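Asker: Quick one: this structure, given as structure tokens, is what I'll be asking you about.
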Amino acid sequence: MKTIFTLSTLIACLATQAQHCIPNRYSEIALFDSSEIVIQTNVQYGAAQNYFSSQNVDLMMDVYYPNQEVDEVEMRPFILLIHGGAFAAGDKSELSYESIEFARRGFVVGNINYRLGWNCDNVICFNCFGTNLQKAVYCAVQDARAAMRFAHDQKEEWGIDDNWMFMGGESAGSICALQAAFWNQEEADANVPVGFSAEVGGLDDSGNELPNMYSVKANINHCGAVMNLAHLDNNPNQPIISFHDSNDCVVPYNSGSLIACLCSGYLSVSGSNQIHNHQLQNGECTELHTAPQILPNHCTYPSANWMKLSACFLKRVMCGFCINFADDDIYALPICANLSSTISEISGCTYVNAANYNPNATADDGSCSFDTSCGFDVDGDGLVGVGDLMEFISAYGSVCP
């Protein structure tokens, strides 16, 4: 079942750089075999002191990229991935599958660990005082930005095209990636106690002393959130693709407190649906994929699907256009392998689940239309709620047209 809430026409997002608009690359189809992927584990990108334990932490990154001996493209786009775990736990190994699959599609991937813990006696619902979570988020953002500086510094070694550097993550990792990409120092300082940045350093004054020469061109958000929607306005023309459970009480789909279903609730944030709507209103490139849920759940969107959808999203960004839309079909996959600036393009709808899908189209023209009959949003108000349930009960047993 699939329900499309919004669908916009084809829009320009970024200036086209045709060198990465390549057929059969950065798509739903893997280009390289796993044996052709170089994996460098535990590359140190920096070091920092854990604010809560006062222990020095070596910051590590695993790097994945196609072997340059078999890859015809010399300089490739880069994705930084950040694992989840409520800023208290987790490890980069949790995103190793996605890392190697992105690399098999032609990307260079940096998959990082970062400083964890916020003084909660190892149980996040007890003895977690004051603004400790905000401090942990700030330190994680420092580490993510240090990792981006390091990747930029290593661009020749790893074959990174620094014109196309992306960030993304899962849960806490997505919260970190979004803040790292959009925060300025003033906004970061507003989310922590007065004087905290003077104590631990500015956003770019921790981890390493490398220059801040990168720019983030798009963000992959898997069940993440932002502290303040207005922060998204700092960096216009930075596309966001989001994946989120509709009934998520760990990181809210709309707005609310983090970890609200496990604890009393902490930091108030705006989730993926709010992010998507805000970006739509501002004319920004945005895509939202919702996993419909009746019971509370978190980060259930299938890994293989969000990775493939993200690869195609980034490819369209690099080809210079984006489609603004939202859906709730967790099995929907785009077709972007044939998208190329070097072949004669056939315009049409390239989404398989669309009513007017054109299997011969190589360039999506924004014309896709979707059958919303018998969708989850029964009453058509854009939300799945009690009203939809009552409508469903009243029509139970009838045949859909």
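Asker: Failed condition for Phe78, given (1) part of a strand (DSSP E or B); (2) in contact with a Gly (Cβ under 6 Å, 6 or more places away or on another chain), with all others met?
Answerer: Tallying (1) part of a strand (DSSP E or B); (2) in contact with a Gly (Cβ under 6 Å, 6 or more places away or on another chain), Phe78 fails exactly one: (2).
Asker: Being among the charged types (D, E, K, R) and within 19 Å of Val63 (Cβ to Cβ) is the filter here; which residues of segment 151-205 pass it?
Answerer: The answer is Asp153, Lys155, Glu156, Glu157, Asp161, Asp162, Glu170.
Asker: If you don't mind, another one. Looking only at segment 317-335, count every residue that is open to solvent by less than 10 Å² (accessible area, probe 1.4 Å), under 23 Å from His278 (Cβ atoms) and either assigned to a helix (DSSP H, G or I) or among the aromatic types (Phe, Trp, Tyr) (or both) and tell me the total.
Answerer: 2
Asker: Can you confirm whether segment 115-138 contains a residue that is open to solvent by 10 Å² or more (accessible area, probe 1.4 Å) and in contact with a strand residue (DSSP E or B) (Cβ under 7 Å, 6 or more places away or on another chain)?
Answerer: Yes.
Residue-wise test of (1) hydrophobic (A, V, I, L, M, F, W, C); (2) assigned to a loop (DSSP other than H, G, I, E, B); (3) surrounded by fewer than 18 Cβ atoms within 10 Å (Cβ to Cβ).
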site: Ala230; (1), (2), (3): yes, no, yes
site: Pro236; (1), (2), (3): no, yes, yes
site: Ile241; (1), (2), (3): yes, no, no
site: Cys249; (1), (2), (3): yes, yes, no
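Asker: Here's something else I'd like to know. Do the conditions hold for Tyr266, that is, is it crowded, with 17+ Cβ neighbours inside 10 Å, touching a Ser or Thr at 6+ places or on another chain (Cβ under 7 Å) and within 28 Å of Leu133 (Cα to Cα)?
Answerer: yes
Yes/no per residue for (1) in contact with an Asp or Glu (Cβ under 9 Å, 6 or more places away or on another chain); (2) at pLDDT 95 or above:
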residue	(1), (2)
Ser174	no, yes
Leu178	no, yes
Phe182	yes, yes
Glu186	no, yes
Gly201	no, yes
Asn208	yes, yes
Ala218	no, yes
Asn237	yes, no
His244	no, yes
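Asker: In the list Ser398, Ser341, which residue meets the criterion of being of a type in the set (S, T, N, Q), buried (at least 17 other Cβ atoms within 10 Å of the Cβ), at pLDDT below 80 and more than 22 Å from Asn273 (Cβ to Cβ)?
Answerer: Unique residue meeting the criteria: Ser341.
Asker: Which of (1) buried (at least 18 other Cβ atoms within 10 Å of the Cβ); (2) among the charged types (D, E, K, R); (3) under 19 Å from Val216 (Cα atoms); (4) free of Cβ contacts under 8 Å to residues at least 60 places away in the same chain is the odd one out, the single condition Asp143 does not satisfy?
Answerer: Unmet for Asp143, out of (1) buried (at least 18 other Cβ atoms within 10 Å of the Cβ); (2) among the charged types (D, E, K, R); (3) under 19 Å from Val216 (Cα atoms); (4) free of Cβ contacts under 8 Å to residues at least 60 places away in the same chain: (4).
Asker: Same structure again: I'd like to verify a number: residues in segment 271-314 that are part of a loop (DSSP other than H, G, I, E, B) and open to solvent by 10 Å² or more (accessible area, probe 1.4 Å), how many?
Answerer: Residues meeting the conditions: 13.
Asker: Then there is this: When you look at Leu95, is it aliphatic (A, V, I, L, M) and touching a Leu at 6+ places or on another chain (Cβ under 6 Å), yes or no?
Answerer: Values: aliphatic (A, V, I, L, M): yes; touching a Leu at 6+ places or on another chain (Cβ under 6 Å): yes.
Yes: the conditions hold for Leu95.
Asker: Hey, another quick one. Exactly one of (1) free of Cβ contacts under 8 Å to residues at least 60 places away in the same chain; (2) assigned to a loop (DSSP other than H, G, I, E, B); (3) open to solvent by 20 Å² or more (accessible area, probe 1.4 Å) is unmet by Ser197. Its number?
Answerer: Here Ser197 clears every test but (2).
Asker: Can we say Phe102 is of a type in the set (Phe, Trp, Tyr), under 16 Å from the mean Cα position of the chain (by Cα) and closer than 22 Å to Ala180 by Cβ?
Answerer: On the way: of a type in the set (Phe, Trp, Tyr): yes; under 16 Å from the mean Cα position of the chain (by Cα): yes; closer than 22 Å to Ala180 by Cβ: yes.
Judged against the criteria, Phe102 is a match.
Asker: Considering each residue of segment 50-75, count those that are more than 19 Å from the chain's Cα centre (by Cα) and in contact (Cβ under 8 Å) with a residue 24 or more places away in the chain, and give that number.
Answerer: Qualifying residue count, segment 50-75: 16.
The values are calculated or read from the model by the stated rules, or taken from the named source; none is laboratory data. Quick caveat: nothing in here was measured; it's all calculated off a predicted structure. In this analysis, Cβ positions are derived from the backbone assuming ideal geometry, glycine residues included, and neighbour counts consider all displayed protein chains. Areas reflect the complete protein model, heavy atoms only, side chains present, ligands, DNA and RNA absent. Shrake-Rupley method; radii C 1.70, N 1.55, O 1.52, S 1.80 Å.
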